[in-house]
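The values are calculated or read from the model by the stated rules, or taken from the named source; none is laboratory data. Since this is a predicted model, take the numbers as computed values, not measurements. Glycine gets a Cβ as well: all are built from the backbone with ideal geometry, and neighbour counts include every protein chain shown. Quick note on the areas: whole protein, heavy atoms, side chains included, nothing else; ligands and nucleic acids left out. Shrake-Rupley method; radii C 1.70, N 1.55, O 1.52, S 1.80 Å.
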Amino acid sequence: MNILIITANPKPTNHTQIIANTYKEIVESDKHTVRVVDLYAEENKLPSYKLSREVDPIVEKMKADVLWAEEIVFVHPVWWGNVPSVLKNWQDTLIAPGFAFKYIEGKPRGLLKGRTAKVFATAGSVAPYYWLPLVHEFTPLYIQWKYMTLGFSGIEMIDFRVVDKMNVNNSQPPEGRFEAFIEKVKKSARTLH
């Protein structure tokens, strides 16, 4: 299976990278092919979103990566209840009409069907609404991913997990909290769709 992992965290050493590397190691050990795109890396910096038909080589490379992938894994921190701006720019640029979806009789039809996605995120604050059963499905972040970004494009979101309390008052997360989350990431990596 071809797996694309997209990360969005400006810190060189962070929980996002640990999650992405853990997922990558598990699926590669099962002989899957993986590409990792760090949206903060210089070679992946997308131009600011604009309504233009200009061809941009970075955008075209990212489109090719999406078309190559059978599964896309997004790993990011939650900032103000949303994704970091570079990931929002990726969404605005790539999940666009003509590439990710088109309108037929006034309704969006996904053009990227047959792919699955997983979302793993970290939140600094106490945010139990992200992991409480059923409640997390009503958070703006979940709705954005499931029904808008991925739903419009036809990509099926099969896993959504957020670990909270990662940086309450600039402190370390409670002992074992991140480690328990990593175990869930490993389990998810072992159960590909």
> Quick check, is residue 126 out of contact with any Phe, Trp or Tyr (no Cβ under 8 Å at 6 or more places or on another chain) and open to solvent by 30 Å² or more (accessible area, probe 1.4 Å)?
Replying inline: yes
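Can you go through 31, 45 and tell me which one is open to solvent by 20 Å² or more (accessible area, probe 1.4 Å) and either over 17 Å from the mean Cα position of the chain (by Cα) or at pLDDT 95 or above (or both)?
Working: 45 fails: either over 17 Å from the mean Cα position of the chain (by Cα) or at pLDDT 95 or above (or both).
Result: 31 is the single residue among 31, 45 that is open to solvent by 20 Å² or more (accessible area, probe 1.4 Å) and either over 17 Å from the mean Cα position of the chain (by Cα) or at pLDDT 95 or above (or both).
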> Can you name every residue in region 97-141 that is over 30 Å from residue 177 (Cβ atoms), in a strand (DSSP E or B) and in contact (Cβ under 8 Å) with a residue 24 or more places away in the chain?
Replying inline: 101, 108, 109, 110
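Yes or no, residue by residue, for (1) hydroxyl-bearing (Ser, Thr, Tyr); (2) surrounded by fewer than 20 Cβ atoms within 10 Å (Cβ to Cβ); (3) in contact with a helix residue (DSSP H, G or I) (Cβ under 7 Å, 6 or more places away or on another chain):
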{"position": "81", "(1), (2), (3)": "no, yes, yes"}
{"position": "87", "(1), (2), (3)": "no, no, no"}
{"position": "96", "(1), (2), (3)": "no, yes, no"}
{"position": "99", "(1), (2), (3)": "no, yes, yes"}
{"position": "143", "(1), (2), (3)": "no, yes, no"}
> Among the listed residues 137, 105, which satisfies the condition of being under 23 Å from residue 191 (Cα atoms) and surrounded by fewer than 16 Cβ atoms within 10 Å (Cβ to Cβ)?
Replying inline: 137
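Let's see how each residue does on (1) of a type in the set (S, T, N, Q); (2) assigned to a loop (DSSP other than H, G, I, E, B); (3) in contact with a Ser or Thr (Cβ under 8 Å, 6 or more places away or on another chain):
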{"residue": "17", "(1), (2), (3)": "yes, no, yes"}
{"residue": "22", "(1), (2), (3)": "yes, no, no"}
{"residue": "26", "(1), (2), (3)": "no, no, no"}
{"residue": "48", "(1), (2), (3)": "yes, yes, no"}
{"residue": "63", "(1), (2), (3)": "no, no, no"}
{"residue": "67", "(1), (2), (3)": "no, no, no"}
{"residue": "73", "(1), (2), (3)": "no, no, no"}
{"residue": "77", "(1), (2), (3)": "no, no, yes"}
{"residue": "86", "(1), (2), (3)": "no, no, no"}
>> Taking the condition of being at pLDDT below 90 and out of contact with any helix residue (DSSP H, G or I) (no Cβ under 9 Å at 6 or more places or on another chain), how many residues in region 108-139 meet it?
In response: 5
> What is the number of the single condition among (1) under 21 Å from residue 10 (Cα atoms); (2) touching a helix residue (DSSP H, G or I) at 6+ places or on another chain (Cβ under 9 Å) that residue 66 does not meet?
Replying inline: (1)
